[in-house]
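Structure, as structure tokens:
The values are calculated or read from the model by the stated rules, or taken from the named source; none is laboratory data. Keep in mind the model is a prediction, meaning the values are calculated, not measured. Ideal geometry is used to build each Cβ from the backbone, glycine not excepted, and the neighbour counts take in all protein chains shown. For the accessible areas, the whole protein counts, side chains as well, though only heavy atoms, and no ligand, DNA or RNA atoms are used. Shrake-Rupley method; radii C 1.70, N 1.55, O 1.52, S 1.80 Å.
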Amino acid sequence: MALSIKMDIDAVEDVTCLDPELLQLPDVSPFALKASPQLVEDLFSQWLSLPGTGHLVRSLIDDAKSGTIVNASTNFSTLNAVGSHSLPSMFPGSNAPPLSPRSSSGSPRTSRQKSSPSALGSPLKLVSEPMQEIIPQFYFQNGCPPTKELKEQCLSQINHLFNNPLNGLQIDEFKAVTKEVCKLPSFLSSALFRKIDVDWTGIVTRDAFVKYWVDGNMLTMDIATQIFEILKRPGCKYLTQVDFKPVLRELLATHPGLEFLRNTPEFQDRYAETVIYRIFYHINRSGNGRLTLRELKRGSLVAAMQHADEEEDINKVLRYFSYEHFYVIYCKFWELDTDHDFFIDRENLIRYGNHALTYRIVDRIFSQAPRKFTSEVEGKMGYEDFVYFMLSEEDKSSQPSLEYWFKCIDLDGNGVLTPNEMQFFYEEQLHRMECMAQEPVLFEDILCQIIDMIAPEREYCITLQDLKRCKLSGNVFNILFNLNKFVAFESRDPFLIRQEREEPTLTEWDRFAHREYIRLSMEEDVEDASNGSAEVWDESLEAPF
């Protein structure tokens, strides 16, 4: 029974009246002990003075010396039996207070009667600890090592390809190892070779390859991690644009679909740059130019690499590697860059899409609100900046595009598009409609249409997450600053709607690039026919192809 009333040791007239069960200190209320610390010492002294205590201690010591199993439970039970006869009860007769009206399972008195002193933490009890379950190692700093079967299978393939282990393989012989053993795209062969041949000896031996690929646990990594480890520089935890250049050089040198570019090294460089810019536009969502392993795994680059390695027609690889897509981007840039200094200013960009954009949105782009320019020339946009702009303009359904244009419209940068901000950009659209003798649509009607289309969580406050949830969010930006696409959206061409339903896997960019490539090809054919096929054009004046 727990002591819940503060006790003063001076008020205890006869300590021999205490019940020995009350000397079991784990059952004494800690509040009572704190209130009367002297009580603990007196209780312990009283316990030592009991007749059976000395006998108990001596027997336990003798048992410990002889090496016999200590049975503390029996000894304490005997002690309690003796103590109960030598000490009278604290509550004689029938003056004991009644039990609390609760179940017997929760009663302190019942639980104390069922618990032996040994269960209350006797230091002399030998506790048999349970068997510890052995948990297998699940984290490996350098990757999970391969199983014995997988390692033997890999070594068998390596021995087959390395016919002469001492001489090793040169870089042009290493492609079979990349494809058959590593199961990687063949145009990663040079990068893998250089990763192993750190001393630039020109040869990779069998032992050097086994040390890197098998002993380095590259064998058990997923393909995205393997590519990341091969391309990244030592000590870096990310990939930069420079890390992809060796891969693109080998792709241009070996892919049959790009063979026609081998005699034009200047366009090889432009193609490689465009592919790299497209990769970072879609995958490097942080926009800091540092591609992490997580971003690489979340993107579609690995699948696109495998597709490019298997497909002979590079134009069928729509993600990143299509030459037709590069052709459209570069020709658009070349058309706008009238002085061919490889820079575009405001007046050049305002002509994009047959003057489709408003001056206000062009000024916002050149204020570098959506993205800081890499040209490092005041008031000029470089080729990389133009690639980001064009991909965002022609496919407003993609998340990078939504983020790009959201930053343009969000004038105060608070992460919310308000009616005032949208009206600022729409005012110029309204003026252009009036100049073109089109029926103007008031902003109040446009705002209701936008709110119904997006259905934001907070009315009249559109966030980026609201736009990403809606499949029609790209039309909001067309309404605000692209008159041609706004009119096309209002007219709803049935042919384009049917085309989208027939090819749901194609993006807006894929459809645009296909139409534009056909148009550019036809213009070039007409120009060649008018100038004569044997005539060589002046590259400083004509299109680059």
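Here are the numbers:
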{"quantity": "Scan of the stretch 218-256 for residues that are β-branched (Val, Ile, Thr) and either over 21 Å from Asn284 (Cβ atoms) or within 23 Å of the chain's Cα centre (by Cα) (or both), ordered by number", "calculated": "Thr220, Ile223, Thr225, Ile227, Ile230, Thr240, Val242, Thr254"}
{"quantity": "Restricting the stretch 249-290 to residues that are open to solvent by 20 Å² or more (accessible area, probe 1.4 Å) and of a type in the set (Ser, Thr, Tyr), the residue that is farthest from Phe342 (Cα to Cα)", "calculated": "Thr254"}
{"quantity": "Conditions (1) modelled with pLDDT of 95 or more; (2) open to solvent by 40 Å² or more (accessible area, probe 1.4 Å); number of the one not met by Thr338", "calculated": "(1)"}
{"quantity": "Enumeration of residues in the stretch 346-384 that are hydroxyl-bearing (Ser, Thr, Tyr) and open to solvent by 50 Å² or more (accessible area, probe 1.4 Å)", "calculated": "Tyr359, Ser367, Thr374"}
{"quantity": "Condition broken by Glu384, with the remaining ones in (1) charged (D, E, K, R); (2) outside any helix (DSSP H, G or I); (3) closer than 25 Å to Leu231 by Cα satisfied", "calculated": "(2)"}
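Results for (1) on the phi < 0 side of the Ramachandran plot; (2) loosely packed, with under 12 Cβ neighbours inside 10 Å; (3) out of contact with any strand residue (DSSP E or B) (no Cβ under 8 Å at 6 or more places or on another chain); (4) at pLDDT below 80, shown as yes or no for each residue.
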residue	(1), (2), (3), (4)
Trp509	yes, no, yes, no
Ala513	yes, no, yes, no
Leu520	yes, no, yes, no
Ser533	yes, yes, yes, yes
Trp537	yes, no, yes, yes
Phe545	yes, no, yes, yes
